[in-house]
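Step one of this worksheet: look at the structure below.
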Amino acid sequence: MSENIHEGGQLRRMAHLLTPRKIITGLAVLVLAYLFVWPFVMLVIGAFLTTPYGGGEWTLDGFRTVLNDPRALRSTLSSFLFSGLVMVISIAGGLFFAIITSRFKLRFGWLVLPAMVLIACTPRLFYAFAWGMMGNPGSGFAANILRYFDIANPAWLTVYSWPGLVLVSSMKVTAVAYLLLSGPVRLLDRSLEDAAVMCGQTRLRAFFSISLPLLAPSLLAIGMLLFVEGIQVFDFPAVLGSPAGITTLSTLINDFINTDVTPKWGAANALSLVVVVVIALLILLQSRLLGGRDFATVGGKARGADTAEIGKFAVLFDAIIVGFFAVAFVLPFLQILIGSLQPYFGLYTKLTTANYVAVIKDRDTLDALVSSLLISVGGGFLVVTLSFLMIYAMQRSKSRPTVALLKILSWLPATAPGIVLSIAFVWAYLSTPLVRSLYGTPFLMLIALVIAHVPIAARACEGIIVQVSTSLDEAARVSGAGPWRAAAEITARLCTPSLLGAWLLISLAISGALDVVMMLQTTNTQMVATLSYSMFNNGDVAEAAALYVLFIGLLIAFMAALIGLMMLLRTAASGFHWSGKAARPLAMEKTDV
Amino acid sequence: MDTRTATGLSFSGIEKSYGTQTVLHDISFRIEPGTFLCLLGPSGCGKTTLLRSIAGLEEPDRGTITIGDVTVFDAGARKMVPANRRGLGMVFQHYALWPHMSVRENIAYPLRQRGIRAGDRGGDVERLARLVGLESYLERRPNQLSGGQQQRVALARALAGDPQLLLLDEPLSNLDAVLRHQLRRELRALHNRLGMTSILVTHDQEEAAALADVIAVMQNGVIMQSGSPEDVLDRPDNRYVAEFVGYECFLKGTVTGQSAGSVSVTLPNGATVAVATNLAVTQSEPVLIAARGDQLEIFDKAGGVAPANAVSGRITDRAKLGSVMEYQAEVSGKTLWIRDKADTRFRINQDVWIRIPENCPLLRDN
């Protein structure tokens, strides 16, 4: 469409530029930019202002406060130490489970995958509460078992400590690491190891000298991912670390605003900015580290690997599997369930439903329950839909700026910890005239939670959409369907089963996202996450447990009913059942560390 | 290396099942030192499982395997020498080169396992690389090499450990035809030069014939026939082996006469042909005469006198396959496919004589 064909001059050219299609595209870009980019712009601006929400003077006070605060250095070291320890333990644990299940005949090998999925999908805050109760030095399972045997609870046996924080986090992250590693481990070409054995190497040493180096790129990539997650995580350090005086970067940013005598918005913004830069550098470093490596397997075809009998070791490995499942999932789950039925936390002799009755009768908790349910379910739907559209447009679009923009947008929120996003959202929304009036309504929380969860949903959608060949879509276009119709009737339709799974998982993640809404909550608008967190901190542990158990139960029941209904409607309407492969729901659990 | 002592190999009563599926049925065999054995069979016949059992990568359920005078596997005595202590060399089907190591590191690996110091390994690696013509590629990564070069690296690595016995799992099947022929010749030359014992698994009868001293044809986990390439290719024992080594035409008949080294077979249409055989048959026994398409000859019936050992037939179809013409002919109710150089000598529906050469193999029909 070159210029010289149009001789109509300026006006015609203007009309040509402003086709409805271009106007819609322009508006979409503006809306996306406001939702994704503006909060980051405001985060930067806010770091250099004296007072929050605009109107202040330019200053470097925020940075000065951070530099002069001894907690800054301590929390940085704590964050790196915590994240590093959790990463190493979890990678080792995940790798161990991935290897024993792919290599050996075990009686309980089948248990590992469902157990890891359950542990990985449990909302972090819920998991932190459960362990906070179980490892409570006075009232938890652990202390009570010792008491039963008349053993005094030793002072070190508490979950509110460095070892407690690291071990609990590691259990959860081990499940995530396993889910991310089991694919690469299963795909290892076993004949490469066989070749080393034929050269005189023992099987064990062949594994370490051949297979492990081949796994190195995967281990590095997953390790970096988990490390970045560890820097960002808020719930575990907030629930288990803060009572023991452990402060990480995420909890310090929260402390600046919510705990310190006067809220230090400038300092919070300044520290947030530093954290975002560090994380962006880590992500860049990761892509650089992986850039030059090409361990593409030569020859390719992996031999169908068979599992080996290993005699007495099988008993040991089986015991480890069952033990891990019991300690990392069954016991904490039982603890929070029983804890929610106690008149007050720690009284095991008498169980009651009074906490549940109180939750339902109390106006505030009931409101939080209802709005959290709606936000989790509706937000999950919005996140998956938005991410699907973004990734679909990214993979099908031929315009390079569009692809680049969408790619950046789908990654941008991942550079900021939830607590930082929370601050950025407050600044962004309060700086916008019309949106400002929505502050204090659940609506802003919904938007914030949607934006915050786009990166994980986008990664999941990438895996899902890739499985539908572009040619299916093109066939619809050739048959006369417009682009939207082709997207809806072919690609989206074929992706539906996987997208439903993604919806459920994202809804669970949203339900446990404490950090993102931390700054957006007001006394009148509470989510279950924020409300139960303050109840837990104020000592209403049994009631907090009841609230959260009820919420998770309702959420799962609600989602199950919804998904079941949709499956039923679709099957009835189309008369056939599309058995789509469950497309990598694993990728999305990565931020649920 | 040229002073290596080759080793013999024997296995007896080898059985192996995966779940309910038996892949090796009571296999016994023995080869002399210096032999090149080809295990020949279609995919799924158990040949690779047998090779991997010899290597020690699979553990059979029953039987014994002896390499040289060492029993490396004895199910009864619960003895299983692990693969890394059997001192064998192996070339894997997809080469199994380690992508994170250079060609030099790949070849040096077995030397390292044998405790040869880093400083002393260089010479050996260079010599092995020269042996397979790769001395200028030592610093490359495997994925920077072509298929043929990868194959040579895999071979060099398998030889680096100075193995008494070399195992090759379909080593040539991923290469194009020209390269395959070239490497096949090189492989046989290496075997002769290094004087070792080799076992190669293949589904290609031509490859087996070109390489082997002994061919063992396998089907469904059983060795159907073994012997020299001439034995197996020219004197198949049964119809399965005959078909697998390229016989396409089978004529049913009964034995009607015998003399020294020759048997007369009468076909259902009454024609009688004589074939040379050592097979001990009885009068009236049902038999099959097997023939390759290019062994049979067609003669014009209008020419008058029937040629010796010929049967009457009719051309039913023909197809030009490059430089040869393939005729389809009906003989005594059976369809034969005959390849003839001469282009268009015979027409469809023409009555012809088809001469059966005396050296066509005779099989029992059961």
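The values are calculated or read from the model by the stated rules, or taken from the named source; none is laboratory data. As the structure is a prediction and not an experimental result, all values here were calculated from the model. A quick note on method: Cβ atoms are made from the backbone with ideal geometry, for glycine too, and the neighbour counts reach across all protein chains shown.
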Hits in the stretch B:38-63 - residues which are assigned to a loop (DSSP other than H, G, I, E, B) and more than 10 Å from every other protein chain (Cβ to nearest Cβ): B:GLY41, B:PRO42, B:SER43, B:GLY44, B:CYS45, B:GLY46, B:PRO60, B:ASP61
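Going through the stretch A:79-111 one residue at a time, which ones are under 21 Å from the mean Cα position of the chain (by Cα) and of a type in the set (A, V, I, L, M)?
Narrowing the stretch A:79-111 to residues under 21 Å from the mean Cα position of the chain (by Cα): A:79-95.
Residues satisfying the conditions are A:LEU81, A:LEU85, A:VAL86, A:MET87, A:VAL88, A:ILE89, A:ILE91, A:ALA92, A:LEU95.
Would you confirm, using the coordinates I've provided, whether B:MET218 is under 22 Å from the mean Cα position of the chain (by Cα) and assigned to a strand (DSSP E or B)?
Considered against the rule, which asks whether it is under 22 Å from the mean Cα position of the chain (by Cα) and assigned to a strand (DSSP E or B), B:MET218 comes out as yes.
Suppose we filter B:VAL125, B:VAL178, B:VAL103, B:VAL132 for residues that are in contact with a helix residue (DSSP H, G or I) (Cβ under 7 Å, 6 or more places away or on another chain), closer than 23 Å to B:ILE199 by Cα and either hydrophobic (A, V, I, L, M, F, W, C) or not assigned by TED's automatic domain parsing to the domain that holds B:ALA210 (or both); which single one remains?
Working: B:VAL125 fails: closer than 23 Å to B:ILE199 by Cα; B:VAL178 fails: in contact with a helix residue (DSSP H, G or I) (Cβ under 7 Å, 6 or more places away or on another chain); B:VAL103 fails: closer than 23 Å to B:ILE199 by Cα.
Selected residue: B:VAL132, the only one of B:VAL125, B:VAL178, B:VAL103, B:VAL132 that is in contact with a helix residue (DSSP H, G or I) (Cβ under 7 Å, 6 or more places away or on another chain), closer than 23 Å to B:ILE199 by Cα and either hydrophobic (A, V, I, L, M, F, W, C) or not assigned by TED's automatic domain parsing to the domain that holds B:ALA210 (or both).
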Those residues of the stretch B:231-260 which are of a type in the set (D, E, K, R) and within 16 Å of B:LEU362 (Cβ to Cβ) amount to B:ASP231, B:ASP234, B:ARG235, B:ASP237, B:ARG239, B:GLU243, B:LYS252
Against the conditions (1) buried (at least 24 other Cβ atoms within 10 Å of the Cβ); (2) at pLDDT below 90, where does B:PRO60 fall short? Just the number, please. (2)
Mind checking which residues of the stretch A:378-389 are out of contact with any Leu (no Cβ under 7 Å at 6 or more places or on another chain) and among the hydrophobic types (A, V, I, L, M, F, W, C)? A:PHE381, A:LEU382, A:VAL383, A:LEU386, A:LEU389
What are the residues in the stretch A:197-225 that are at negative phi, at the interface with another protein chain (Cβ under 7 Å from one of its Cβ atoms) and either surrounded by 19 or more Cβ atoms within 10 Å (Cβ to Cβ) or of a type outside the set (S, T, N, Q) (or both), if any? A:VAL197, A:MET198, A:CYS199, A:GLN201, A:ILE210, A:PRO213, A:LEU214
If you go through the stretch B:122-161, how many residues are touching a Lys or Arg at 6+ places or on another chain (Cβ under 7 Å) and either within 12 Å of another protein chain (Cβ to nearest Cβ) or outside any helix (DSSP H, G or I) (or both)? 6
Matching entry among B:VAL23, B:VAL91, B:VAL72 (being under 25 Å from B:PRO171 (Cα atoms) and free of Cβ contacts under 8 Å to residues at least 24 places away in the same chain): B:VAL72
Checked B:VAL217, B:VAL222 against criteria (surrounded by 14 or more Cβ atoms within 10 Å (Cβ to Cβ), touching a His at 6+ places or on another chain (Cβ under 9 Å) and not assigned by TED's automatic domain parsing to the domain that holds B:ARG355); the one match is B:VAL222
Among residues of the stretch B:107-121 being more than 11 Å from chain A (Cβ to nearest Cβ) and assigned to a helix (DSSP H, G or I), the residue surrounded by the most Cβ atoms within 10 Å (Cβ to Cβ) is B:ARG121
Quick check on the stretch B:66-106: of everything there that is more than 9 Å from every other protein chain (Cβ to nearest Cβ) and basic (Lys, Arg), which residue is surrounded by the most Cβ atoms within 10 Å (Cβ to Cβ)? B:ARG104
